[in-house]
Each structure stands twice: as C-alpha cells, then as structure tokens.
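Note sheet for the following structure.
The values are calculated or read from the model by the stated rules, or taken from the named source; none is laboratory data. Computed from a predicted model, the values in this text were never measured in an experiment. A quick note on method: Cβ atoms are made from the backbone with ideal geometry, for glycine too, and the neighbour counts reach across all protein chains shown.
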Amino acid sequence: MPESERKKHPHYRYDDEELVSVFADLVLRLGRRPTQIDVDSQPDMPSWRTFYRRLGRSGMEAVIGASVIHIMPNRDFSEDDVYESLLHFMRLNAGAPPTSRQCTSQHGLPSRPTIEKATGLAFSEVISRVRQHYADEAPRVAP
C-alpha cells in the first residue's frame, strides 16, 4: 500500500516525528494555535486526543512555539500595523476587541507592550479608539 494511502487508513500509527510535522503544518496553515475542533475536523490528521496523548501539553506547546516564529517573526510594528491588526481581529470576532492576554503572536497580534510602544498610548486607550473606528465602519441601517 502506498504511504499516502496508509496515512488515510484509520489505524495508521504516526511516529513522533510525523506527529510533530503534521501538527506544525497545521499551525502554519492556520496562522494561529489550533483548537481541538480545528484538529479533529482535519480528515487526514490524527485526532486531538492522539496529539495530546503522544506529545503531551508541553510537546504541543513546543511545536506551536517553534511554528509561531514562522507565523509572525519579531518585527517593529508601525502605528498603522497595530490598528489594522486589532481591527482585523475585531472583524473576525464579531466586534469583540482582544484582551491584553490575547495580544500575542498566536492570535496574529502584536503584544501589549508593542502596541503601547507603537502608538504611544495606554492599551485601554488604543482599544477604545479601535472600538470607535470599528463602530464607525459598521454599515448604517436606516430606521
């Protein structure tokens, strides 16, 4: 049986190297930390439980951490980059702004200190401005 067919077989056993590679590919494809639903919805991947059982939480975090370097390398963010990344997050999350804890490369966002440095404002003030901008760009509905 060819290797590609073997991997689709429900009882195919991935070795540890393959598990790490498959998980890292998913992290890079998504551009963020995969959820259990993300993993379990992939027909050609092992289940979340398999990753967790074989790699453990620390192993999965290590793969994510190593992959994030390729998703968003450290770089300087301009003020425009900061506002655009926060607006993009809000558009994807039905208008909900990110929390300080969500401001990480795993979520495709600059960190809180980076936001404050690029804008020269406190994090809460930046979020307030982004909320206002988001509200201003929402389509108006006539009464």
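The table below lists the values:
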{"read-out": "Which numbered condition ARG112 misses (of (1) in contact with a helix residue (DSSP H, G or I) (Cβ under 8 Å, 6 or more places away or on another chain); (2) at pLDDT below 85)", "value": "(2)"}
{"read-out": "Those residues of region 92-135 which are among the charged types (D, E, K, R) and not in a loop (DSSP other than H, G, I, E, B), in sequence order", "value": "ARG112, GLU116, LYS117, GLU125, ARG129, ARG131"}
{"read-out": "Wholly enclosed helices (runs of 4 or more DSSP H) of region 1-89 bearing at least 2 residues at pLDDT 70 or above and surrounded by 12 or more Cβ atoms within 10 Å (Cβ to Cβ)", "value": "16-30, 36-40, 48-71"}
{"read-out": "First in region 42-57 and closer than 15 Å to VAL27 by Cβ, second anywhere and at pLDDT 85 or above and of a type in the set (Ser, Thr, Tyr), Cβ under 6 Å, 6 or more apart", "value": "none"}
